[in-house]
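Data block below; observations after.
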Amino acid sequence: MKFDSNDLYASLMHELKNHLGLLAMTIDSIPLQNDPAHDGVVDDARLLCQRVVERLQQALLIYKAANGQIKPSIDAYSPEDLVRELRDTAVSLARGRLEVHCGIAPETPAIAFFDRTLIEMALINAIHNALAYARTAIWIEAGIEAGRLTLTVRDDSEGFPEPILSGYTSDAPNRSGGTGLGLHFARMIAETHVNQGRGGELRLANQNGAVFCVLLP
Amino acid sequence: MAQNAVNRGNDELINYAALRALVVDDYPGMRSALKLTLSNFGVTKIQMAGSATEAISRIQNNTFDFILCDFNLGEGRDGQQLLEELRHRGLINLDTVFIMVTAESIYEKVAATAELAPDDYMIKPFSAEVLRNRLESILLRKLAFKEIYRHFKEHDLVAALHGCDRLIDSKPKYLVDALRFKGELLNALGRFEEAEALYRQIINMRAIPWARLGLANALHLQKKDAQAEEELRDVLVQAPEMVAAYDMLANVCLARNDSAGAQAVLEQGVAISGKTVRRQQKLGEIAHANGDLESARKAYATALDKGRHSVFVTPTDYGNLCQVQLEQGDLKAVAETLKNAKNILQASTDGQLVMAVVQGVAQQQAGKPEEADKFLREAARLRSDGASADAPLLLKMAETWMAGGQLEAADSLINEVARNAHDSDVLLEKAKQIYLAAGREDVGASNLKAATADVRKLNNEGVLLAQKGEYRQAVDKLLAACHEAPRNPRIIMNAVWVVLKCIDLEGMDEELLEQARRYLDEAARQAPGHSRIAGLRLHMKEIENKFGIRRRSAT
Ligand SMILES: Nc1ncnc2c1ncn2[C@@H]1O[C@H](COP(=O)(O)OP(=O)(O)OP(=O)(O)O)[C@@H](O)[C@H]1O
């Protein structure tokens, strides 16, 4: 039997995603027992599983980027629906350990144009970070700034380390286990969103915690 | 910062417990995991199917509000083919939620027209929260579109259009959805210029690929094919994976008499997504007409292979493949094709007819005229019992008769084909070639002329009378034309048009209306998707309303 490595790669990926999806759903179905020794382990497993999903998505994105094909597929979506979906995801991951707040600024457009898959991927990564570093709460918000849609994830953590704020990115995998890939991809995703000469942007700041903000033209 | 609350409080609007759901996935573990996920948020009436075939049989026997379907279903049809078949056969309607689960985000670009697109996509892996949110958004959207869908189902396109306008004015969240639906209504109503303006309005907001395709379609329907081609070529530079654009571009090329271009474009489309039966059929037809027998054979064979259990495959498709194989002189392949399809073809008289004609032609080519005659006699018998075949196969039959010296039968059959296709240059040319090859050019010319002249004369006279306002006489002429050419879409549509006009002005004649209704259905069969049909249906509906006739059932 002869293998076509592209086909093989595709079907491997397919299998991998199926199994990860199954794993996530299986963990979700484990009932809570109000026993921290039990529930805490389940929570950890859920978060870890989400992390693996995220890493897989990043791996696929690297593969695509190497083939020069990260092109956003733009359609019309409701920012409000997006925020609500992210809120529900965050609440389920936080499991009551942290507060999750969300909000839509009044002037936010009812619909906006973006690639929902890519944008969700960037924001979910930010939410994972926020849940990991926040002291008590995280915020997910949509708004508008000078004609660009803003999607923001904030927390009350210590804030981003200085090298990250000043745009320092090392090529090599760095420090405490992290790769720094999450923020790198979020920036790339924001910047592939271009409309009539205006580009998207990722803005990181510290303001009573870490502020992660994607601006979309 | 002032913030609006994000909670919707939709609990009273959406009753998950009442929702009848179908989960389609080929992997049992995934099916039960999805079932568990759904039950987590209250969906408990869940049935499951492991393949497209199983899904169809469940859907035929039950009503579902929500179908969650994996794109990849292993062997057999995939999720997209299933969706297309469900829509095509009217097994699900616009109220049914259809969510496609896929492993690849690229899939979103495969289906661009609203008719072929699911309500939303879920990219694996996903969580229960995301699924619930997506489902809820779609259900709320369908609620907002409820009245519009109802009018649409009743063929009341103008009322549906007004519904869209109200939504556009009042619900900014559904602005783009309402515009998209309105664009398709405008095209169906033949209001192409308004459709063009509408798609330009969307593109001004953002050049979303489906809007650009809509624009190209509206241009094509106005016969502005050069502009349509330019738009589509540019879409394909931006998004080469957008297969629907290749399909449309092929039609535009054909309209510009560029059949080589049409074939090249479809070949690109097939290279990206070769599973769609109708794309392969179309490629086969065009390649066949271009004389590229090898490509035609490959495309027809693939269509049969991919569509073995699909509604989009009919006996005609087997006939097409066999005709190419016959033209290639590959009688062994013909025998093989018929052998493999024997059970399918024998199941219907149309299928038996295809078999009989093909075998007759094959025997003739093999130098066995007596055998050939036997099969063609059988074919003639099937036809007189009501079996029907498409024009190319009938021409093949006539050609064989002619070669076997049965000139009268051949001439009469060609006459029949020509009457039903008096304005099809392709078919008339084919008929001419048959006479040329038989050395009967002169007979052919007069036969074809006689066949088309009668129909053309009756048609022209009828149309002229209608223009002069003499509708009664116009109806008589055009019904006579229909009698001569009962499968000629142009003639039939003209007849329907004057019948409606006549009833409108001179009063109801239920028998006549019923006849018009049947003719319109026939026209839709002969020329599916023809731009005049929706307008005629609408007109018929208006007449029915005016005279208080209730339609038996919406078709
Ligand atoms: N919300 C936050 N609060 C504080 N620090 C943060 C926050 N988000 C990110 N950081 C810091 O920025 C670094 C890079 O984040 P990024 O998401 O790019 O890394 P990652 O490798 O993908 O994720 P991780 O480091 O969590 O494994 C993190 O290692 C962390 O030091």
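The values are calculated or read from the model by the stated rules, or taken from the named source; none is laboratory data. Remember, predicted model here, so these are calculated numbers, not experimental data. Cβ placement follows ideal geometry from the backbone for every residue including glycine, while neighbour counts extend to all protein chains displayed. Heads up: the accessible areas ignore ligands, DNA and RNA and are worked out on the full protein's heavy atoms, side chains in. Shrake-Rupley method; radii C 1.70, N 1.55, O 1.52, S 1.80 Å.
How many of the residues making up region A:102-128 are at the interface with chain B (Cβ under 7 Å from one of its Cβ atoms), part of a loop (DSSP other than H, G, I, E, B) and touching a residue at least 12 places away in the same chain (Cβ under 8 Å)?
Residues in region A:102-128 being at the interface with chain B (Cβ under 7 Å from one of its Cβ atoms), part of a loop (DSSP other than H, G, I, E, B) and touching a residue at least 12 places away in the same chain (Cβ under 8 Å): 3 in total.
B:ARG77 is checked against (1) modelled with pLDDT under 90; (2) in a helix (DSSP H, G or I) and fails just one. What number does that condition carry?
It is condition (2) that B:ARG77 fails.
Could you list all residues from region A:189-207 that are away from chain B (no Cβ under 13 Å) and within 13 Å of the ligand (Cβ to nearest atom)?
A:LEU202, A:LEU204, A:ALA205, A:ASN206
Residues being open to solvent by 40 Å² or more (accessible area, probe 1.4 Å) and of a type in the set (Phe, Trp, Tyr): count how many of those fall in region B:468-509.
Here the count works out to 1.
Suppose we keep only residues that are closer than 17 Å to A:ALA76 by Cα and more than 12 Å from chain A (Cβ to nearest Cβ) within region B:184-214. Which one would you say is surrounded by the fewest Cβ atoms within 10 Å (Cβ to Cβ)?
B:GLN201
Quick check on region A:130-161: of everything there that is part of a loop (DSSP other than H, G, I, E, B) and closer than 21 Å to A:VAL194 by Cβ, which residue is farthest from the ligand (Cβ to nearest atom)?
A:GLY147
Can you confirm whether A:ARG97 is within 16 Å of the ligand (Cβ to nearest atom), open to solvent by 30 Å² or more (accessible area, probe 1.4 Å) and assigned by TED's automatic domain parsing to the domain that holds A:HIS128?
Yes; evaluated as a whole, the condition is true for this residue.
Looking only at helices (runs of 4 or more DSSP H) that lie completely in region B:309-405, which have at least 1 residues being among the charged types (D, E, K, R), open to solvent by 60 Å² or more (accessible area, probe 1.4 Å) and over 29 Å from B:GLN280 (Cα atoms)?
In region B:309-405, B:369-384 are the helices (runs of 4 or more DSSP H) which contain 1 or more residues that are among the charged types (D, E, K, R), open to solvent by 60 Å² or more (accessible area, probe 1.4 Å) and over 29 Å from B:GLN280 (Cα atoms).
Considering region B:228-242 alone, what residues qualify as being within 14 Å of another protein chain (Cβ to nearest Cβ), part of a helix (DSSP H, G or I) and open to solvent by less than 100 Å² (accessible area, probe 1.4 Å)?
B:VAL235, B:LEU236
For A:LYS71, all conditions in the list (1) within 9 Å of chain B (Cβ to nearest Cβ); (2) touching a Phe, Trp or Tyr at 6+ places or on another chain (Cβ under 8 Å); (3) farther than 27 Å from B:PRO172 by Cβ hold save one; what is the number of the exception?
Looking at each condition in turn, A:LYS71 falls short on (2).
Here's a check for you: in region A:40-71, which residue that is in contact (Cβ under 8 Å) with a residue 60 or more places away in the chain and among the polar types (S, T, N, Q) is least open to solvent (accessible area, probe 1.4 Å)?
Only one residue fits best here, namely A:GLN58.
Before we move on, is A:ILE119 buried (at least 20 other Cβ atoms within 10 Å of the Cβ) and at pLDDT 95 or above?
The answer is yes for A:ILE119.
Could you tell me which residue of region B:335-365 is farthest from the chain's Cα centre (by Cα), considering only residues that are among the β-branched types (Val, Ile, Thr) and within 14 Å of B:LEU304 (Cα to Cα)?
It comes out as B:THR337.
For A:ALA112, indicate whether it is in contact with a Pro (Cβ under 7 Å, 6 or more places away or on another chain) and either surrounded by 15 or more Cβ atoms within 10 Å (Cβ to Cβ) or under 30 Å from A:ALA190 (Cβ atoms) (or both).
So A:ALA112 fits the description; yes.
Got a number for residues in region A:190-215 being outside any strand (DSSP E or B), of a type outside the set (A, V, I, L, M) and closer than 21 Å to A:ASN129 by Cα?
Number satisfying all stated conditions: 4.
Does B:PHE98 satisfy the condition of being over 23 Å from the mean Cα position of the chain (by Cα) and at pLDDT 85 or above?
No.
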